[in-house]
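Worksheet: the structure to be examined is printed underneath.
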């Protein structure tokens with residue numbers, strides 16, 4: 001649920017990057033943090049890492065240069081990753097609290113297909129535990145690591161992860177090269193802004 005900060009006149013929108021271990025969630029956030037354009041250096045928060053023994057959660061927030069104003073409020077985006085390993089599922093649930101939009105990062109290697117499906121099912125289960133439904137939350141798919149050997153065809157990944165009544169947009173990416181990273185981010189932020197603009201119009205009508 002987006003948070004309206006009356007003191008700073010900001011609409012705070014939370015985006016969570018979800019997916020299996022080592023799929024590229026962290027790389028996405030590192031690339032965005034390093035390259036995102038903000039109005040001032042202070043408009044970008046520090047990249048914070050909460051590390052465990054074998055995985056970590058990252059987060060930071062930023063005000064883009066051309067942040068769309070909704071009813072006079074600037075839009076601040078908060079980006080989070082979840083730990084990929086199953087043993088940290090409680091942390092995943094905590095990170096998902098208050099989520100507005102999701103980027104599901106899938107590993108394109110053939111050998112990772114079962115982990116992709118397991119992680120996607122885990123996402124839906126964790127949302128249900130929070131009384132949320134994935135169908136009600138804007139999300140996009142990112143098929144990462146397209147530059148490595150032995151990748152599955154995009155059509156196969158679509159069949160595994162996007163084979164449902166309402167399909168969502170997807171991007172192919174190589175996050176470590178920053179390819180597809182901002183295309184993915186731009187789309188999810190656009191979907192979220194349109195959602196809140198439409199909600200405001202309905203409330204004002």
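Bear in mind these aren't lab numbers, they're just calculated from the coordinates by the rules spelled out. These numbers were taken from a predicted model, which means no experiment stands behind them. Note: ideal-geometry Cβ built from the backbone for every residue, glycine included; neighbour counts use all protein chains shown.
With R₀ set to 45 Å, the beta-carbon distance separating residue 128 from residue 40 gives a calculated FRET efficiency near 0.65. On C-alpha positions alone, give me the angle between the axis of helix 25-35 and the longest principal axis of the chain, in degrees, nearest 10. Orientation of helix 25-35: about 40 degrees from the principal axis.
Extension gain, residue 47 to residue 183, is 46.9 nm, computed as 0.36 nm per intervening residue step minus the present C-alpha separation. Taking 181, 36, 117 in turn, the Gaussian network model of the chain (Cα-Cα springs below 10 Å) assigns the largest fluctuation to 36. For the Cα atoms of the chain, what angle does the longest principal axis make with the long axis of helix 113-129, in degrees from 0 to 90, nearest 10? Around 40 degrees separate the two axes.
When the Cα gyration tensor is reduced to axis lengths a ≥ b ≥ c, the ratio a/c is 1.5 or higher for region 86-174, and with a/b above b/c it is classed as prolate. Here, the chain has an Rg and a Dmax of 16.6, 53 Å when only alpha carbons are counted. A helix-only calculation puts the chain at -10500 deg cm²/dmol for mean residue ellipticity at 222 nm, using -39500 (n - 2.57) for each DSSP H run of at least four residues, averaged over all residues.
For the chain, a Gaussian network of Cα nodes joined below 10 Å ranks 101, 45, 180 by mean-square fluctuation, and the top entry is 45.
Fewest neighbouring Cβ atoms within 10 Å first, the residues 96, 132 line up as 132, 96. For 74, 128, the sequence from fewest to most other C-beta atoms within 10 Å is 128, 74.
Among beta bridges identified by DSSP and lying wholly in region 3-182, the antiparallel ones come to about 45 percent.
If R0 equals 25 Å, the separation of the Cβ atoms of residue 166 and residue 89 corresponds to a calculated FRET efficiency of about 0.40. Working from Cα pairs under 8 Å separated by at least six residues, relative contact order for region 3-182 is 25 percent. Of 125, 107, the sequence from fewest to most neighbouring Cβ atoms within 10 angstrom is 125, 107. Relative to the longest principal axis of the Cα atoms of the chain, the long axis of helix 181-204 lies at roughly 40 degrees. Each label point was placed 7 Å from the Cα along the Cα-to-Cβ direction; for residue 3 and residue 114 their separation is 4.0 nm.
With a simple spin-label model that places each label point 7 Å from the Cα along the Cα-to-Cβ direction, the separation between residue 150 and residue 135 comes to 3.7 nm.
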